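Structure record follows, encoded as structure tokens.
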Amino acid sequence: LNPHDDSRRQAKPDRPLNRRNPEPEFVKAYMRFIYVSGLPPLFDENGELGDFDNPLQRQEVVKEVSQLFGVPTISISPASTTSAFIGFDNRDAFWKMYNNGLEKDLVLEKPVRLAADEENADMIVLSYIDPFMTAKKLSKTLFKANTNFGSIYGPLTEEAVDKKIGSTTARIKLKSAKLVEAALESSAFNEYLQKTLGQYRVQYFRAKRELFHSGFTGPNKFSPTYTKSDRLVVNGDAPSDNFLRDHAGVIHLRNVDEWVTKESLTQFFQPFSKDKRCLNSSIEFVKCAQGRRTDKVYIGFDRMGEAESVRDHFRGRLDLNGTAVRVRYVKEKNIIRSRTIREERLDRPEEELLASLQDWKRYVSPEDLMELEAKGINTDALGDMFRTLRYRNYSYGALDWSRRDERFEDMSEHGGNMKKAMSYAVEMLKQTHATPEDPGFLFKGMFMENEAIDFDIFAREEKRIEELRKRRNN
């Protein structure tokens, strides 16, 4: 069956700009892939973000992944300062590592440095922290309510945090200079910082080679065929096929805080939807293999034009509870359809149609006809048999003379099925013909061993054929 276009919709993947694809040689060398992200960032001696183009720092990424997952370094391709691809040359090795990772607590540590601010006595300086952490997230992470440190140093507001995206240093304003002195002297406070900001939870995802259209196959060359490319696609680069096909349009959000709920997202996007939004089916959180949320979310819209209105309204960015979130309209791949040129339907005159029906002997060699007649087989009976076959089986009639794109065997010639059937029938008659003098193995096989062979059937058959001839002549 040819699937409907709606069931063939697929989203174009949205790859992060800072994620480097492995070299083609690496991709072709392995069968399965895993993408690892969330690694501690690389820092230089001054505490600034490391340079991924530096081969020594890329090797540090390879070393961390190798130690964490127990895979050889040769099967690792760094993708960024915080991510890498792992290749597997067989299915068993892939699933072994994939399932073992589900049971591990994938946490790596990178020490955070604490110092006093030289200009303000009531501020502390944190260095070697995640460059992608925002001031708002930092204020929500440190000194949470109902904790010991929260009761002493908290609550921490976003205004009290001086942190820019991409920077590995943050300046935090405390309530007083005495609290700064206490924090600098407290080993417990330093341990709290390491546990809160110095731990990085690593996530991993399945990855596969992207497919590109390479041609058509099947009857009439209708079904498209695809070939694997050298580019890898990671789970979460696009919404799931079912989610996409259940909605008229989809919006992709990135950099969504982990505390954002489905309820708040549903309420936020309700003004852009004519119908009441569904809390569960219209939102898809991207999760890692261990089931933990990432910062990616897909929002589905049921009516045409609603997703486009969100894209046009926010123009790439929106403010979600004080956090700058990237907005992207999910583009879809073009549905590939066969461009086979249909041939014109045959317009045969009546004379040609009758000739095709009556002149069946042109499809049988004269030698075979002479052999059948010598064996007593009436050619008129053959004509009746072939005409009946044409009338009662469309495969040898209308379909056999239909257009090439309408036939089951699109490479066969017009009338080819009937020609094959006639050739087969003639060959069977030649092989199975029986006479009283030479009944053949087929006729002898109708009787038990040591049973007398009854040749009366030949006389009865001659009588039946003679009656048929008389009726035909009358």
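The values are calculated or read from the model by the stated rules, or taken from the named source; none is laboratory data. These numbers were taken from a predicted model, which means no experiment stands behind them. In this analysis, Cβ positions are derived from the backbone assuming ideal geometry, glycine residues included, and neighbour counts consider all displayed protein chains. Remember, those area values only see protein heavy atoms, side chains included, never the ligands or the DNA or RNA. Shrake-Rupley method; radii C 1.70, N 1.55, O 1.52, S 1.80 Å.
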Q: Please sort by residue number the GluC sites (Glu not before Pro) in segment 88-165 whose DSSP state is loop and whose Cβ has at most 12 other Cβ atoms within 10 Å.
A: E103, E118, E119
Q) Which order, highest average first, do 12-20, 446-454, 129-137 follow once you tally other Cβ atoms within 10 Å for each residue and take the mean per peptide? A) 129-137, 12-20, 446-454
Q | Between helix 379-392 and the chain: long-axis angle, C-alpha atoms, 0 to 90°, nearest 10 | A | 30
Q.
Could you work out the percent of alpha carbon pairs in segment 226-266 separated by over 12 Å, rounded to a whole number?
A. 74
Q: May I ask you to list the aspartates and glutamates whose Cα is less than 17 Å away from that of K375, ignoring any residue fewer than eight positions away on the same chain?
A: E367, E427, E437, D438, E461, E462, E466
Q. Residues with amide H under 5 Å of E332's amide H, sequence separation 5 or more or different chain, H placed in the peptide plane at 1.01 Å from N; which?
A. K12
Q | Accessible surface ranking that places the most exposed of M97, M304 first, with a 1.4 angstrom probe | A | M304, M97
Q: May I ask you to derive the relative contact order of the chain, considering only C-alpha pairs under 8 Å and at least 6 residues apart, and to give it as an integer percent?
A: 13
**Q.** Local net charge near R303, Cβ-Cβ under 10 Å (Lys/Arg +1, Asp/Glu -1)
**A.** -2
Q. What aspartates and glutamates sit close enough to K287 to cross-link, taking a C-alpha to C-alpha distance under 14 Å and skipping anything fewer than 8 places away on the same chain?
A. D237, D257, E258, D295
Q: Consider a paramagnetic label point 7 Å from the Cα of N18 along Cα→Cβ; state which residues of segment 108-144 have an amide N under 11 Å from it.
A: 130-133
(Q) Give me P(r) over the chain, computed from all C-alpha to C-alpha distances, binned every 20 Å, as integer percentages. (A) 17, 33, 19, 16, 11, 4, 0
**Q.** Tilt relative to the chain, helix 187-197 - C-alpha long axis, 0 to 90 degrees, to 10
**A.** 30
Q.
For Cα pairs less than 8 Å apart in space and 6+ apart in sequence, what is the mean separation divided by the residue count of segment 94-203, i.e. the relative contact order in percent?
A. 35
Q: Give the long-range amide H neighbours of F216: residues separated by 5 or more places, or on another chain, with amide H under 5 Å away, using H modelled in the peptide plane at 1.01 Å from N.
A: T225
Q | For segment 99-194, accessible area per residue (1.4 Å probe, heavy atoms of protein chains only), Å² | A | 57
Q: Have a look at P349, T82, L114 and report the one farthest towards the positive end of the charge dipole of the chain, computed about the Cα centre with Cβ charges (Lys/Arg +1, Asp/Glu -1).
A: L114
Q | Cα convex hull of segment 191-297, projected area averaged across orientations, nm² | A | 10.6
Q) With no solvent and one point on each alpha carbon, what is the Debye value of log10 I(q)/I(0) for segment 1-135 at q = 0.20 Å⁻¹? A) -1.23
Q: Take the alpha-carbon centre of segment 219-294, take the same for segment 135-194, and report the distance between them in whole Å.
A: 36
Q. Leaving out ligands, DNA and RNA, what percent of the accessible area of the chain is carbon and sulfur, probe 1.4 Å?
A. 50
(Q) If I model a spin label as a point 7 Å beyond the Cα along the Cα-Cβ vector, how far apart are those points for K361 and R113 in nm? (A) 10.5
Q. Ranked from the most accessible area to the least, with a 1.4 Å probe and all protein chains present, what is the order of M422, M370, M123, M428?
A. M370, M428, M123, M422
Q) About the Cα centre of segment 172-298, what is the dipole size in debye to 20, counting +1 per Lys and Arg Cβ and -1 per Asp and Glu Cβ, all else neutral? A) 240
Q) Over segment 245-377, what per residue volume does the convex hull of the Cα atoms give, in whole Å³? A) 290
**Q.** Cα-centre dipole for the chain with unit charges at Cβ (Lys and Arg positive, Asp and Glu negative), debye to 20
**A.** 1380
Q. How far apart, in nm, are two points set 7 Å out from the Cα along the Cα-to-Cβ line at F216 and at Y394?
A. 2.2
